[in-house]
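Quick one: structure below, then a few questions.
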Amino acid sequence: MNLSHPVRIIVPQAADTLGRGFEWLPVYVGQGLVDRLSSTLFASANHVADMLRSLSEEIPIQGRPVVTGFSQGGIMTITLALYHDDVVGEAMPMSCWLPPPLEPPYPRWDLDYPRIRSLHGGADTTIPFEPTAEHPNGSKVRMLREQGFDVRLERFEGIGHEMSPEMDALFHEWVDAAVCRTVLDDECAAAAEFRAAVLLGEAEAPPLVLD
């Protein structure tokens with residue numbers, strides 16, 4: 001993956017088939033069955049968290065895992081980040097949504113919440129961006145920040161339910177920064193965060209000087 005440090009990649013497979021792939025949830029976001037989706041999601045996240053705890057006892061790892069996923073995997077990722085802080089170091093949910101029943105009801109300052117970085121296409125019709133951006137408290141991002149989370153959501157205009165090259169590039173730098181922090185390499189993490197800021201237009205790349 002061309003990261004600054006070696007990593008072990010674990011890809012859990014959902015139990016139920018969906019076409020040529022697999023699914024974590026028996027219902028889709030667009031069906032409006034929010035209660036069923038939420039209860040199934042919470043139960044599935046508990047199973048994945050138990051798996052991560054078992055793996056941490058069986059194989060040598062450093063720090064807590066960096067968890068990421070797309071679509072249903074993204075919904076699973078953010079649920080793990082909110083309710084299983086002991087097994088999630090950092091979380092990167094992509095093109096997903098947090099069901100209202102799973103929104104944290106109040107802050108837990110005694111917990112070590114993982115950093116959350118999220119990407120979403122602005123033209124996504126499978127899991128629309130708007131329910132995440134529009135919330136009674138202003139936005140779900142603001143709500144999570146008020147609950148004590150370090151969270152950021154980036155919208156990519158004109159992109160549907162997919163990952164564009166620009167999204168891939170930013171995701172790579174966020175993963176690299178997370179891996180560097182996990183192995184306590186602060187200089188490496190700062191460099192990756194700077195590269196991410198350049199991609200977001202928040203910093204200018206240094207000029208290239210050729211001898």
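Can you give me the relative contact order of the chain as a percent, contacts being Cα pairs under 8 Å and 6 or more apart?
Relative contact order for the chain comes out at 16 percent.
Also, I was wondering about something else. Considering amide H positions built from the backbone, and no H for Pro or chain starts, which residues 5 or more places from LEU3, or on another chain, come under 5 Å of its amide H?
Residues meeting the criterion, in which the H sits 1.01 Å from N, do not exist here.
Which of the trypsin sites (Lys or Arg not before Pro) across the stretch 86-123 are loop residues per DSSP, with 16 or fewer other Cβ within 10 Å?
Those that pass, being in a loop and sparsely packed, are ARG108.
Still on this structure: Modelled label-to-label distance, SER56 and PHE42, 7 Å Cα→beta-carbon offset: nm?
2.2 nm
Quick check: net charge around LEU200, other residues with Cβ under 13 Å of its Cβ, Lys/Arg +1 and Asp/Glu -1?
Numbers: positive: ARG117, ARG152, ARG155, ARG195; negative: GLU154, GLU166, GLU173, GLU193, GLU202, GLU204.
Computed value for this residue: -2.
Give a quick list of GluC sites (Glu not before Pro) in the stretch 145-211 that DSSP marks as loop, anything other than H, G, I, E or B, with at most 15 other Cβ atoms within 10 Å.
Here the GluC sites (Glu not before Pro) that fit, given the DSSP loop and packing criteria, are GLU157, GLU162, GLU202, GLU204.
Quote to one decimal, in nm, the extra length available between ALA190 and MET1 on full extension: 0.36 nm per residue of separation minus the C-alpha distance between them.
Here the answer is 66.2 nm.
May I ask you to evaluate 6.51 cos²θ - 1.76 cosθ + 1.60, the Karplus curve with θ = phi - 60°, for each residue of the stretch 5-16 and list the ³J(HN,Hα) values in order in whole Hz, giving x for glycine and proline?
Per-residue couplings from phi come out as 9, x, 9, 9, 9, 10, 10, x, 10, 5, 7, 9 Hz.
Beyond 13 Å, what share of the Cα-Cα pairs of the stretch 46-98 remains, rounded to the nearest whole percent?
That tail contains 54 percent of the Cα-Cα pairs.
Could you tell me the largest-minus-smallest coordinate of the C-alpha atoms of the chain on each of the three principal axes, in descending order and whole angstroms?
Sorted from largest, the Cα extents of the chain read 62, 43, 41 Å.
What percentages make up the Cα-Cα pair-distance distribution of the stretch 165-206 when the bins are 5 Å wide from 0?
6, 29, 29, 22, 11, 3
Every number in this text was worked out from the coordinates using simple rules, so none of it is lab data. Just so it is clear, the model here is predicted, and its values are computed rather than measured. Positions of Cβ are generated from backbone atoms using ideal geometry, with glycine treated the same way; all protein chains shown enter the neighbour counts.
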